[in-house]
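Undergrad: Take this structure first; my questions come after.
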Amino acid sequence: MALSDPRPGGHIPAPMDLPLKLGLARFTHGISPAAVAMAYADWFSHLMVSPSRQADLLASAMRKALLWTQYAPQAWQGDCARCVEPAPQDKRFSPHDWHTLPFSAMAQAFLLQDQWWTEAMSGVRGVSRHHEEVAAFTTRQWLDMWSPSNFLMTNPQVLKETLATGGANLANGVANWSHDALAVLTEGKPRGVGAFLPGEGVALTPGKVVFRNRLIELIRYAPATARVDAEPVLIVPSWIMKYYILDLTRDDSLVRYLVGQGHSVFMVSWKNPDSQDRDLGLDDYLELGVMAALKAVTELRPGVGIHAAGYCLGGTLLAMAAAALGARPHNPLKTVSLLAAQTDFHEPGELGLFIDESQISFLEDLMAERGYLDGRQMAGAFALINSKDLVWSKLVHEYLMGAQTPMTALRAWNADATRMPARMHSEYLRRLYLHNDLAEGRYLVNGRAVALADIKVPLFVVATERDHVSPWTSVYKIHRQTRAPVSFALTSGGHNVGIVNPPSGAAAHPQASYRFATHAEGRAPADPMVWLEDTPPVAGSWWPCWHAWLRKQSTRQIKAEPGAAGLPLAGRLGDAPGSYVHQT
């Protein structure tokens, strides 16, 4: 059977190549071995012709060896200052058990080695920045794998637990590993996700599906107040996730919060594509997704503008739509809110490690077999970015200590992976990440290049402080790309936890805070660090700040339509959360 072309350049992978590449992809979680090899070749070849750098590294290794040989005997005699401290975010060696010999000596040796390799992988003249970052990242993964905290005989906490339980922790760990391995082999679900199924444990806010096409369902949520703002809120989540991260439990649902504050809320729920959708492209996601949803909301709520909000890549897609609509005489948008969404991909953070010609070509060949990228492969890349917390801490906690991490709504959502059509995934990696076409004015919508400067409606932009997916300094660039006032909020937390940040209740984060400032067109500081210094933190969630901003941008309040009033298709299309969210 002839394979359709998943990439714009016209390449169809040779059938002879596929078995090898598919086998490699399963072993590497979709990471291109050639991309990693080229990075190391670049680093090694330049290091070999830099005797001065070799001498510096040799001297550094000797200094570190001397430090450790001085530390170890002194530690046997009593307390002494450690020769190296772990990074503030590295909690592996924080427990008191690691402060006694011989474990403290092993931890210090490992940290000194880690420090030396960090020095070695950077600062070699002639190595490209991308190759340096890839080689440093890969080296860090190997080092983390061999941390003494990952092994029974070198982890004092595990040894202590093993003695206390007579080895029951190890038996429990084997059982945990067996269950997880079976789930991976059979493509099953992790333990405990059954308590968080959409419509049962999560995605509980009442509503109706009011529109459906081959790519989206549009959910209209029932009002919770007698009066609502005239302008509805339309939320466009990323297509690489199920929408209900924004409607988790009753305690941490952004949707429930908004309707409770008197907003009419609509939500896009993306279809989970399969092989028949291999030829859906980014233009289809724009037209059948954002544009179709805007048209449906306009038909249901005629005569008023729309507060459109987009999360992650849904925000990027919304920005494309807003730019295209901004150049037209009739624009349905009243405001645009972007939540952890980039519009400039020149500095995409650690995800950029996986973006180059070799990596994208490898993924395109991988997707050619089925016509899509499996969400588990994307999840594997995200896990590598934060492997200390997502991989090795799990190994210690569940497989060595024999404990079970309680399933939460957010973890269950994270396990509910979605697929990406081959053509669309190739196009957004190439056009957005690799070539940065949107920020540089080359992205075409209906044959016309769109310009972010055509966005003239007020913007509310949220970034998170510890975002590995959409770094806040990259999100901040929206200030210089549009001709609109920008209200910018920088919240504590990461890409998901920073956004799912309720202001009160059991799920509220007691240490949550945010910074907020509004600037007219072109008036924000060019340097995001200057903005950070000038903007004091405010305790609490950013949700009330966004609600107040939406209320201020709205024209009036109107009487809420109770039940399914005004929803002629509601009975035929069904209740929220709809059917697409259940596709696996």
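Undergrad: Give the lysines reachable from LYS189 as a straight Cα distance under 27 Å; neighbours fewer than 8 places away on the same chain don't count.
TA: LYS21, LYS242, LYS271, LYS388, LYS394
Undergrad: At 7 Å along the Cα-to-beta-carbon direction for both ARG250 and ALA226, put a label point, then send me their distance in nm to one decimal.
TA: So the label points at ARG250 and ALA226 sit 2.3 nm apart.
Undergrad: Apply the membrane-span-like helix rule to the chain: whole DSSP H runs, Cα extent along the own long axis of at least 30 Å, mean Kyte-Doolittle hydropathy at least -1.0. List the helices found. Working shown, then result.
TA: Details: long enough: 51-77 (40 Å, -0.41).
For the chain, where a helix must reach 30 Å along its axis and average at least -1.0, the hits are 51-77.
Undergrad: So for the chain, taking the charge dipole from beta-carbon charges (+1 Lys/Arg, -1 Asp/Glu), which of TRP546, THR69, GLY123 sits furthest toward the positive end?
TA: Result: TRP546.
Undergrad: While we're looking at this one, here's another question. What does the charge count around TRP43 come to, taking other residues whose C-beta lies under 14 Å from its C-beta (Lys +1, Arg +1, Asp -1, Glu -1)?
TA: 0
Undergrad: Calculate, for the stretch 429-543, the solvent-accessible area per residue in square angstrom, rolling a 1.4 angstrom probe over the heavy atoms of the protein chains.
TA: Values: 4820 Å² over 115 residues.
Using a 1.4 Å probe on heavy atoms only, each residue of the stretch 429-543 averages 42 Å².
Undergrad: Going from most exposed to least, what order do TRP392, TRP142, TRP542 have by accessible area with a 1.4 Å probe?
TA: Solvent-accessible surface, decreasing: TRP142, TRP392, TRP542.
Undergrad: In what sequence, largest accessible area first, do MET48, MET145, MET16 appear using a 1.4 Å probe?
TA: Heavy-atom accessible area, descending, gives MET16, MET48, MET145.
Undergrad: When the C-alpha atoms of the stretch 420-536 are aligned to their principal axes, what extent does each axis show, in angstrom, from largest down?
TA: For the stretch 420-536, the Cα spread along each principal axis is 48, 36, 23 Å.
Undergrad: Report the relative contact order of the chain, percent, no decimals, based on alpha-carbon pairs under 8 angstrom and at least 6 residues apart.
TA: 19
Undergrad: Something else about it: Among the DSSP beta bridges whose two residues both lie in the chain, what percent are antiparallel, rounded to the nearest 5?
TA: That works out to approximately 55 percent antiparallel.
Undergrad: Same structure again: Counting every Cα pair in the stretch 301-444, what percent are over 22 Å apart? Before the final figure, lay out each step's value.
TA: On the way: 5530 of 10296 pairs.
Taking all Cα-Cα pairs of the stretch 301-444, the fraction more than 22 Å apart is 54 percent.
Undergrad: Given a Förster radius of 51 Å and the C-beta distance between ALA61 and LYS189 as r, what FRET efficiency does 1/(1 + (r/R0)^6) yield to the nearest 0.05?
TA: Given R0 = 51 Å and the Cβ-Cβ separation, E is 0.65.
Undergrad: May I pose another question? Near the amide H of LYS334, under 5 Å away, which other amide H atoms are found, from residues 5 or more places off or on another chain, if H is placed in the peptide plane?
TA: Long-range HN contacts for LYS334: ILE306, HIS307, ALA308.
Undergrad: Over the chain, with every protein chain in place, what whole percent of the accessible area is carbon and sulfur at 1.4 Å, could you tell me?
TA: 59
Undergrad: Just how much of TRP177 is accessible, in Å², when a 1.4 Å probe is used and the result is rounded to the nearest 10?
TA: Around 140 Å² of this residue is reachable by solvent.
Undergrad: Still on this model: Expected output is a single nm value to one decimal: the length gained when fully extending between ALA403 and LEU18, i.e. 0.36 nm times separation in residues minus the C-alpha distance. What is it?
TA: The span from ALA403 to LEU18 would gain 134.6 nm if fully extended.
Undergrad: In nm, to one decimal, how far is the modelled label at THR165 from the one at LEU182, with both set 7 Å along Cα→Cβ?
TA: Computed distance between label sites THR165 and LEU182 equals 1.9 nm.
Undergrad: While we're on this one: Per residue, how large is the accessible surface of the stretch 78-164? Use a 1.4 angstrom probe and give square angstrom.
TA: Values: 4680 Å² over 87 residues.
Here the per-residue accessible area is 54 Å².
Undergrad: Let me ask something else. Using amide H atoms built 1.01 Å from N in the peptide plane, name the residues 5+ places from ILE235, or on other chains, whose amide H lies under 5 Å from its own.
TA: Result for ILE235 returns PHE266, MET267, VAL268, ALA309.
Undergrad: Do the sum for the chain: with -39,500 (n - 2.57) for every DSSP H run of n ≥ 4, divided by all residues, what is the mean residue ellipticity at 222 nm, to the nearest 500 deg cm²/dmol?
TA: Value at 222 nm, helices only: -11000 deg cm²/dmol.
Undergrad: Let me ask something additional. Label PHE27 and ASP575 with points 7 Å out from Cα along Cα→Cβ: what is the distance between them in nm?
TA: 5.1
Undergrad: Taking 0.36 nm per intervening residue step and subtracting the Cα-Cα distance, what contour gain separates GLU299 from HIS99 on full extension?
TA: Using 0.36 nm per residue and subtracting the Cα-Cα distance, I get 65.4 nm.
Undergrad: Further question: Given a 1.4 angstrom probe, what's the average accessible area per residue across the stretch 272-345, in square angstrom? List each step's numbers first, then the result.
TA: On the way: 2040 Å² over 74 residues.
Accessible surface, normalised per residue, equals 28 Å².
Undergrad: Setting aside same-chain residues fewer than 8 positions from LYS477, which lysines have a Cα under 23 Å from its Cα?
TA: Excluding near neighbours in sequence, the set is LYS334, LYS456.
Undergrad: Run the numbers for THR555 and GLN157: contour at 0.36 nm per residue of separation, minus the present Cα-Cα distance, in nm.
TA: 137.3 nm
The values are calculated or read from the model by the stated rules, or taken from the named source; none is laboratory data. This is a predicted model, so every value here is computed, not measured. Counting neighbours? That spans all protein chains shown, and the Cβs are built from the backbone with ideal geometry, glycine included. SASA here: full protein model, heavy atoms, side chains in, ligands and nucleic acids out. Shrake-Rupley method; radii C 1.70, N 1.55, O 1.52, S 1.80 Å.
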